[in-house]
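K.L.:
Before I ask anything, here is the structure I am working with.
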Amino acid sequence: MGKDENLNQAKKDTKWKKEHKVSGPVKHEPLFNINPQQFRFSLWFFIVTFIMLIMMNSYFQQLKPQEQTVSYSVFKQKIESGEIRKVRMTDKYYFGTTNTPVSDTNAAPLVYETVPVNDPDFIRLLDKKGVEYSAVIQQDPVLMNLIVGWILPFAFIYIIWKLMAKKMGGAGMGVMNFGRNKSMIVAETDTGVRFEDVAGAEESKEELMEVVDFLENPEKYTEIGGKIPKGVLLVGPPGTGKTLLARAVAGEAKVPFFRMSGADFVEMFVGVGAARVRDLFRQAREKSPCIIFIDELDAIGKSRINIAGGNDEREQTLNQLLVEMDGFDSTTGVIILGATNRPEILDPALMRPGRFDRQVVMDRPDLEGREAILKIHSKNVKLADDVDLNAIARATVGFVGADLANIINEAALLAVRAGRQEVLQEDLSEAIEKTVAGLQKKSRLINPKERKIVAYHETGHALTAAFTGGTDPVQKITIIPRGIGALGYTLQTPTEDRFLMSQDDLLGKIDVLLGGRAAEQIIFNEISTGAANDLTRATDLVRSMITEYGMSEKFKNMVLSKRGNQFLSGAAAPPRMEKEYSEATQQYVDEEIARILDERYKRVLDLLTEKKPQLESISKKLLEVETLEAEEFYAMAGVKRDV
């Protein structure tokens, strides 16, 4: 490198250090970063290929006709004797081919080669002996043999190697790229995310503000002898904003941001994941202060306890990650952020103090958090003046940030579809229903009998909810089909966030679920398959009361099963429970479920029989208008609604 180039590089290094607040020399990555293991693989691949080509070339040479150079007189004698039966003449050589091999009938025919002379009698000799002859223009076979015998096979093998290498860990990028990490270095201007862009996670932001402050003012902590946590693990359900919060930390601290997924480390080649971990931490030390963010940490951080067989590549990658996290000083300014929604399966060595010291829970947002999230995502959306985001937040209990962003987007699409220039409250309400119950299907034709059954079924749900304490208020009843298999539905939304439920609350939910089938039996004296999903949910609730909440007569205050993941559960997918009881207990659980459901069903039958006039009047009205809002329903039911 010349003097001018050194000066230019020094200027670039000084500029970079000022932007990233880094002192000391800047280390430049080498042009080639060769991983020894992968380089050996490539070297052996080409050596074996070369040997195979030589062997193939020898084999094909054996299959060629055996050539023997003779004098012109001997050549003529073999024609005279009848041994040569075919002659090919060129301007430089004559080639005579025998009909059959001389000694071995399975061998190739012999070919005699001679230099031609000026002999006028040669053609007459061929005609006399009946020899087949032809004349061709001589071509130099050297170049053609080189192309066909060597270049084309090598090109073919190289293409196969590239495809193979690409499938086995991104090696298709080149021999020198084995073991390179796939992280993205995102500068401060590239993240574009600040803490004000993250809503509904105020406690989590406060925990991470300390990390940002350390990256901006490390001397404040080092002077007193304090150390910032080496690693911060973000845990929570999918869609709560774990990745967004990590990007906000990098944006606030104005430091380089290394972002990788746990799956990026795991490859087919054993050792590649560990090499990428080493390379990632090497780059992080050179760019410090910086942030390393590993999304979906459970892909490489699964516990090694009681895993039969195991995965050598994943285990080596995890071991290397543990070594790297334990091997650097937190005062260097390298902060590791991890994100997962399966913290229960992570290796204990990864979770101990000194590695991921701090766990930050990103839970589902509360009412205020949902409203704040809606305001952020609707910032660039044209809303009507009468849009009430607080009402939308109240109607979306249990929704995460990704769900709320999707609702705003769906509402905007509905407004465009209707030809409006702004989003109305009804667009947001329809977006919620579309998210919860599915797409509305007005074109589906239902015969009158089934339509009547659906109307009474949904009215049974609504009336049971209206006259049962502790249940969520009814917002809407409709018999317009939605989603997959839903011929109608009753929409209930809670008035406030609730984190605890009493036994009476759970029994009230079960009653509401059984209300649809009870109404069918009262009116039609028969039952249908329309209550299948209701019965499934009711059975799951009763089973949870017995096995999980300790609400049974025999096993009071006793949990019979081990709870599964709390972040991946939901209404559609209840938590996975590991059975830890005997067959006799299982029989009791089944009998207790049947007993409780039978008692609640009789209670709902009595209630709806008493309210049969309201059941019939509301159902008839529902058949006329297809949808009833809360005010009209409560008025017809004769119930004063609590607002």
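No lab work stands behind these numbers, since they all come straight from the coordinates. A quick note: this is a predicted structure, and the numbers were derived from the prediction, not measured. Cβ atoms come from the backbone with ideal geometry, glycine included; neighbour counts cover every protein chain shown.
K.L.:
Using the 10 angstrom Cβ neighbour count as an exposure proxy, how do H461, H377 rank, fewest first?
P.N.:
H377, H461
K.L.:
Largest first and in whole Å, give the semi-axes of segment 496-558's equivalent ellipsoid, each being the square root of 5 times a Cα gyration tensor eigenvalue.
P.N.:
In descending order, the three semi-axes are 26, 14, 10 Å.
K.L.:
What is the log10 of I(q)/I(0) for segment 399-545, computed with the Debye formula using one identical point scatterer on each Cα and no solvent, at q = 0.13, 0.14, 0.15 Å⁻¹?
P.N.:
For segment 399-545 at q = 0.13, 0.14, 0.15 Å⁻¹, log10 I(q)/I(0) is -0.69, -0.78, -0.88.
K.L.:
Only loop residues by DSSP count here, and only those with at most 14 other Cβ atoms within 10 Å; note down the trypsin sites (Lys or Arg not before Pro) in segment 320-412 that meet that.
P.N.:
Hits after loop and neighbour filter: K379, K382.
K.L.:
In nm, to one decimal, how far is the S502 label point from the T435 one, both placed 7 Å along Cα→Cβ?
P.N.:
Placing both labels 7 Å beyond Cα along the Cβ direction yields 3.1 nm.
K.L.:
Next question. Can you tell me the FRET efficiency between S582 and R352 if r is taken as the Cβ-Cβ distance and R0 is 45 Å, rounded to the nearest 0.05?
P.N.:
0.80
K.L.:
Next question. Taking neighbour Cβ counts within 10 Å as the exposure measure, how do L623, L404 sort from fewest upward?
P.N.:
Ordered by Cβ neighbours within 10 Å, fewest first: L623, L404.
K.L.:
Something else about it: Evaluate the distance, in nm, between pseudo-label points positioned 7 Å from the Cα of D388 and of I345 along their respective Cα→Cβ axes.
P.N.:
Rounded to a tenth, the inter-label distance reads 4.4 nm.
K.L.:
Kindly state, to the nearest 0.05, the FRET efficiency for K220 paired with E368, given R0 = 41 Å and r defined as their beta-carbon distance.
P.N.:
0.80
K.L.:
A402 to R451: extension gain in nm, 0.36 nm per residue of separation minus the Cα-Cα distance?
P.N.:
Length gained, A402 through R451: 14.1 nm.
K.L.:
Still on this model: May I ask you to derive the FRET efficiency for N319 and Q359 from their Cβ-Cβ distance with R0 = 22 Å, giving the value to the nearest 0.05?
P.N.:
It comes to 0.50.
K.L.:
Hey, another quick one. Quick one: if you stick a label point 7 Å off each Cα along the C-beta vector at D91 and S617, how many nm between them?
P.N.:
11.4 nm
K.L.:
How much length would be gained if the chain were fully extended between T536 and L413, taking 0.36 nm per residue of separation minus their Cα-Cα distance, in nm to one decimal?
P.N.:
40.9 nm
K.L.:
At 0.36 nm per residue, and after removing the present C-alpha to C-alpha distance, how many nm does the segment from K379 to K556 gain when stretched out fully?
P.N.:
Gain on extension, K379 to K556, equals 58.6 nm.
K.L.:
If you don't mind, there's one more thing I want to ask. Of D213, D386, D264, how do they rank once you tally other Cβ atoms within 10 Å and put the fewest first?
P.N.:
Taking fewest neighbouring Cβ atoms as first place, the list is D386, D213, D264.
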